[in-house]
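First comes the structure, then the notes that go with it.
The values are calculated or read from the model by the stated rules, or taken from the named source; none is laboratory data. All values derive from a computational prediction rather than experimental measurement. Please note: Cβ atoms are built from the backbone with ideal geometry, for glycine as well, and neighbour counts cover all protein chains shown. Quick note on the areas: whole protein, heavy atoms, side chains included, nothing else; ligands and nucleic acids left out. Shrake-Rupley method; radii C 1.70, N 1.55, O 1.52, S 1.80 Å.
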Amino acid sequence: MAPSGQPARVRVRDPGRKQRILAAAAALGARRGFHAISMADIGAEAGIVGSGIYRHFGSKASILVAMLDQVMDRIANGGAEVMAAGGSDGFVLSELVRDHIATAIEHREVLAVYHREIHTLPEEDRRRLRRRQRHYIEDWVHLLAPLRRDLADGELRLAVHAAIGAIQSTLFFRSGLPPGDLATRLEEMAHGCLGVAVVPGRPAAGGSELSLTTA
């Protein structure tokens, strides 16, 4: 209790702490495997005492769920924005490819953990994330179908999975390419898997190209 006449001290929670915990968990999980790390390891990486993590997350599993939800939000919301912006089927499909490449490069560690650990989630969370993933892939298939009328439904889905797989190869292989060059090569390879030509994107505001700062 505060001394008489003095206002009680209110603890202000650091709004960036939760994100630091998730970033630390992603970095450690990508390097060592999520199940090989402890809450104390995550706290040390984030610069937070282990007990401080429990103010935000009740368990290591809840950190994993929050981390994978966050990257799935980025993928799904990015795709929804691209679809809402509109354009020809070829243009929108190319924009989806570019958006997925940006996510794979900028959020490489979290996506790597996603692929390695999603099977370890509680069944309800795993099904929910898989369902969102399927809906996202359906957008690609829907756009590719009129561009590749020579392909049966199963072949369309195979092409989409191959394209996304080509993009996500960067999660587990360090090419050493500068980020811009890496994005260009992945764009070419993904479109090669889809069997369609790259349709250039809209110029960024001010005429500058998207800057990818992590390789």
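Of the peptides 159-169, 51-61, the order by per-residue mean of other Cβ atoms within 10 Å, starting with the highest, comes out as 159-169, 51-61.
Inverting the pair-averaged 1/r between distinct Cα atoms of the chain gives 19.3 Å as its Kirkwood hydrodynamic radius. The apolar share of the surface of the chain, taken as the fraction of accessible area on carbon and sulfur atoms (1.4 Å probe, ligands and nucleic acids excluded), comes to 54 percent. FRET efficiency for the pair Asp69 and Glu138, taken as 1/(1 + (r/R0)^6) with r the Cβ-Cβ distance and R0 = 25 Å, rounds to 0.80. Calculated accessible area for the chain comes out at 55 Å² per residue, all protein chains present (probe 1.4 Å; ligands, DNA, RNA ignored). Over the C-alpha trace of segment 76-163, radius of gyration and Dmax come out as 14.1, 40 angstrom.
The Cα center of segment 176-198 and the Cα center of segment 99-119 differ in position by 17 Å.
Using only helices, what value at 222 nm comes out for the chain when you add -39,500 (n - 2.57) per DSSP H run of length 4 or more and divide by the total residues, to the nearest 500 deg cm²/dmol?
Working: 9 runs with 136 residues, N = 215.
After summing the helix terms and dividing by the residues of the chain, the value is -20500 deg cm²/dmol.
In the chain, Cα pairs under 8 Å separated by at least six residues give a relative contact order of 21 percent. Take segment 120-195, drop everything but the C-alpha atoms, weight them equally and run the Debye formula without solvent; then report log10 I(q)/I(0) at 0.14, 0.16 Å⁻¹ to two decimals. Computed log10 I(q)/I(0) values: -0.58, -0.71. Full extension of the segment from Ala61 to Glu81, taken as 0.36 nm per residue of separation minus the current Cα-Cα distance, would add 4.2 nm. Computed extension gain for Arg127 through Arg157, at 0.36 nm per residue and net of the alpha carbon distance, reaches 8.8 nm. Computed over protein heavy atoms with a 1.4 angstrom probe, the accessible surface ordering of Phe173, Phe91, largest first, is Phe173, Phe91.
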